[in-house]
Amino acid sequence: MSGLPAADAAMLAMAARTAARRAYAPYSRFHVGAALMFADGAIVTGSNVENASYGLSLCAEAHAVANAMGEGRRGGLIAVAVAGGKPDAVGEAELGPEAVMPCGRCRQMLHELAALGGTDPEVIGVAAGSMLHVPLSSLLPHAFGPANLA
Ligand code: THU
């Protein structure tokens with residue numbers, strides 16, 4: 001199931017894989033990249049950033065949301081691709097057979113950015129040889145968000 005043109009999904013998946021190369025994940029050795037696509041065509045990426053104090057680690061999606069909001073974006077989020085895996089000899093995340101999907105905290109952070117523009121972005125988990133497409137509203141039903149505080 002996918003409303004996003006296949007070429008856009010492929011481009012976004014590639015951006016997520018490229019971002020995963022920039023992961024700083026010496027502790028888990030699990031490199032993740034996230035790529036956000038906006039209605040104006042912009043793509044904003046993030047990668048996971050770990051810390052010697054393990055619990056402080058940042059997920060790739062959280063980093064991407066912070067990057068986007070830090071450049072002033074408030075809404076317009078139409079799709080999110082996530083790619084992750086153990087790095088190979090040249091630092092490329094080796095994708096597994098199962099798509100990596102955003103963790104619970106990241107679903108909430110993505111919802112905040114999406115809700116500001118009233119979109120329900122397509123979340124694309126990039127696996128080896130396939131992609132899983134799920135609307136964010138299905139990953140985080142009955143979400144708490146900005147509207148609750150209005
Ligand atoms: N990670 C992400 O970046 N995104 C997710 O959605 C799941 C987990 C990162 C956090 C940590 O650096 C590593 O993957 C292993 O959990």
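Structure above, values below:
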{"quantity": "Check on residue 150, modelled with pLDDT under 95, farther than 21 Å from residue 9 by Cβ and of a type in the set (A, V, I, L, M)", "calculated": "yes"}
{"quantity": "Residue match in the range 61-80 (condition: more than 24 Å from residue 25 (Cα to Cα) and among the polar types (S, T, N, Q))", "calculated": "no"}
{"quantity": "Qualifying position, being within 10 Å of the ligand (Cβ to nearest atom) and not polar (S, T, N, Q), among 82, 44", "calculated": "82"}
{"quantity": "Residue within the range 103-117 that is away from the ligand (no atom under 14 Å from the Cβ), touching a helix residue (DSSP H, G or I) at 6+ places or on another chain (Cβ under 6 Å) and not aliphatic (A, V, I, L, M) present", "calculated": "no"}
{"quantity": "Complete set of residues in the range 8-64 that are among the polar types (S, T, N, Q) and under 19 Å from residue 99 (Cα atoms)", "calculated": "18, 28, 45, 47, 48"}
{"quantity": "Residues (under 14 Å from residue 64 (Cα atoms) and not basic (Lys, Arg)) located in the range 14-23", "calculated": "15, 16, 18, 19, 20, 23"}
{"quantity": "So residue 33, is it within 21 Å of residue 109 (Cα to Cα) and without any contact (Cβ under 8 Å) to a residue 12 or more places away in the chain", "calculated": "no"}
{"quantity": "Condition met for residue 39 (in contact with a Leu (Cβ under 9 Å, 6 or more places away or on another chain), farther than 19 Å from residue 130 by Cβ, in contact (Cβ under 8 Å) with a residue 40 or more places away in the chain and open to solvent by less than 70 Å² (accessible area, probe 1.4 Å))", "calculated": "no"}
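The values are calculated or read from the model by the stated rules, or taken from the named source; none is laboratory data. Being a predicted model, the structure only gives us computed values, none of them experimental. Reconstructed Cβ throughout: ideal geometry from the backbone, glycine too, with neighbour counts over all protein chains shown. When the accessible area is computed, the model is the full protein with side chains, heavy atoms only, and any ligands, DNA or RNA have been set aside. Shrake-Rupley method; radii C 1.70, N 1.55, O 1.52, S 1.80 Å.
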